[in-house]
Amino acid sequence: MKLPSLPYDSWTETRLTLHLILQIIGKIRLASTPRKNHWWYITEYISSKGFTIHSIPMNDGINTFEITLNVHTKSLQIESSKGESQELVLTDGYTVGQFYKEIMAIMDSWGLKLKFIPKPLDLIIETPFEEISEYHHYDWDAINKFWQMMLWNDGIFKEFSGRFYGKTCPVHIYWHHLDLTVTRFSGKSLPPMDASARILEKDAYSHEVISFGFWAGDDNMREPAYYSYTYPSPDGLGEEKLKPNSAFWMEANGSPMAILKYNDILESENPKELVMNFLESAYQAGAKRANWDIAGNTVPLLEDL
């Protein structure tokens, strides 16, 4: 399959509309799901239909519901274990504000009284969801390309995840930045952050990690890219060699972050190999400099057992 190309500036309004809708879905999960370490209970996932979440408990203690943004039907589908279903069709002109009011009305009619901050997180938009009228764009060709990119990388990240014996998060989407991520943990806890840190960071970085991700780009990196960082960042990390040759280190929040631009793999005969090499080289760099047990955490091939 030829990988799709999706320039950052080619779908700005659609990207922000999609991002806001996925934030609303994520906040519904946040308000409904029992807590799990490192915010793993609020994330979203890639599926054969589109963007989805795991089953969410309902108030009766027995039943569950699921929400899927289905790229094939161009709609949002809400289904419960009781056989109930609702669908919101996503067409141009259907504002984020309208979407928010309608999905929250469905949640209310199902007996779900959800409490969360009804505003976007880590976006330039400060308007409450229900008042957002300027984003109502659904370029389904672009959305489908983005989903295909995420679906392909979901498989790569899952394969890479299986090479590590230590604690590893699921491959999932953190909707505040709309990035697909997988994180490895050394097992070492860290001192609590000071009072000025956000609760988001306090729980995410309670332990030593090397994290990997893919996202569609932002105003600093105006194209899709892969990244990896080690936290806390060890001395000399940015001096380690990355693969492939097009990968590089850049400063992000005062620490080195490994970067591989998606466009640099598009014409390769084996783009999967390039991405795998990048992920592995970034891991080796961080694990070496932070003194992780690399050999003890490496999963051998079955034929080597």
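Cβ-Cβ under 8 Å, sequence separation 6+ or interchain: first residue in region 291-305 and closer than 17 Å to Thr183 by Cα, partner exposed (fewer than 10 other Cβ atoms within 10 Å of the Cβ) and of a type in the set (Val, Ile, Thr). Which pairs?
Filtered contacts from region 291-305: no entries.
Does Ile21 satisfy the criteria of being touching a residue at least 40 places away in the same chain (Cβ under 8 Å), surrounded by 15 or more Cβ atoms within 10 Å (Cβ to Cβ) and assigned by TED's automatic domain parsing to the domain that holds Ile106?
yes
With respect to the numbered conditions (1) within 23 Å of the chain's Cα centre (by Cα); (2) surrounded by fewer than 14 Cβ atoms within 10 Å (Cβ to Cβ); (3) closer than 18 Å to Ile21 by Cα, which one is the sole condition not fulfilled by Thr91?
Unmet for Thr91, out of (1) within 23 Å of the chain's Cα centre (by Cα); (2) surrounded by fewer than 14 Cβ atoms within 10 Å (Cβ to Cβ); (3) closer than 18 Å to Ile21 by Cα: (1).
In this structure, does Leu76 turn out to be buried (at least 21 other Cβ atoms within 10 Å of the Cβ), in a loop (DSSP other than H, G, I, E, B) and among the hydrophobic types (A, V, I, L, M, F, W, C)?
Here the answer is no, as Leu76 does not meet what is asked.
So, in region 29-43, how many residues would count as being closer than 17 Å to Ile103 by Cα and within 16 Å of the chain's Cα centre (by Cα)?
Selection size over region 29-43: 2.
Report, by residue number, each residue of region 15-31 that is in contact with a helix residue (DSSP H, G or I) (Cβ under 6 Å, 6 or more places away or on another chain) and under 15 Å from Tyr41 (Cα atoms).
Scanning region 15-31 gives a single hit, Ile24.
Can you tell me which residues in region 85-117 are among the β-branched types (Val, Ile, Thr), farther than 18 Å from His136 by Cβ and either in contact with a helix residue (DSSP H, G or I) (Cβ under 7 Å, 6 or more places away or on another chain) or in a loop (DSSP other than H, G, I, E, B) (or both)? Lay out the reasoning, then the answer.
Step one: of region 85-117, the residues among the β-branched types (Val, Ile, Thr) are 89, 91, 95-96, 103, 106, 117.
From the residues that got through so far, the ones that are farther than 18 Å from His136 by Cβ too are 106, 117.
The one that is among the β-branched types (Val, Ile, Thr), farther than 18 Å from His136 by Cβ and either in contact with a helix residue (DSSP H, G or I) (Cβ under 7 Å, 6 or more places away or on another chain) or in a loop (DSSP other than H, G, I, E, B) (or both): Ile117.
I'm trying to understand the selection: among the residues of region 259-281, which are in a helix (DSSP H, G or I), of a type in the set (Ser, Thr, Tyr) and within 18 Å of Leu6 (Cα to Cα)?
Selection gives Tyr262 alone.
Given region 118-224, what strands (runs of 3 or more DSSP E) lie entirely inside it while holding 1 or more residues that are of a type in the set (Val, Ile, Thr), surrounded by 18 or more Cβ atoms within 10 Å (Cβ to Cβ) and over 15 Å from the mean Cα position of the chain (by Cα)?
The strands (runs of 3 or more DSSP E) meeting that bar are 207-215.
Counting only residues that are surrounded by fewer than 20 Cβ atoms within 10 Å (Cβ to Cβ) and not hydroxyl-bearing (Ser, Thr, Tyr), which one in region 44-55 is nearest to the chain's Cα centre (by Cα)?
His54
Before we move on, is Ile67 assigned to a helix (DSSP H, G or I), surrounded by 21 or more Cβ atoms within 10 Å (Cβ to Cβ) and touching a strand residue (DSSP E or B) at 6+ places or on another chain (Cβ under 9 Å)? Please lay out each step first, then the result.
Values: assigned to a helix (DSSP H, G or I): no; surrounded by 21 or more Cβ atoms within 10 Å (Cβ to Cβ): yes; touching a strand residue (DSSP E or B) at 6+ places or on another chain (Cβ under 9 Å): yes.
So Ile67 does not fit the description; no.
The values are calculated or read from the model by the stated rules, or taken from the named source; none is laboratory data. Everything numeric in this text was worked out from a predicted model, so none of it was measured. FYI the Cβ positions are ideal-geometry reconstructions off the backbone, even for glycines, and counts take in every protein chain you see.
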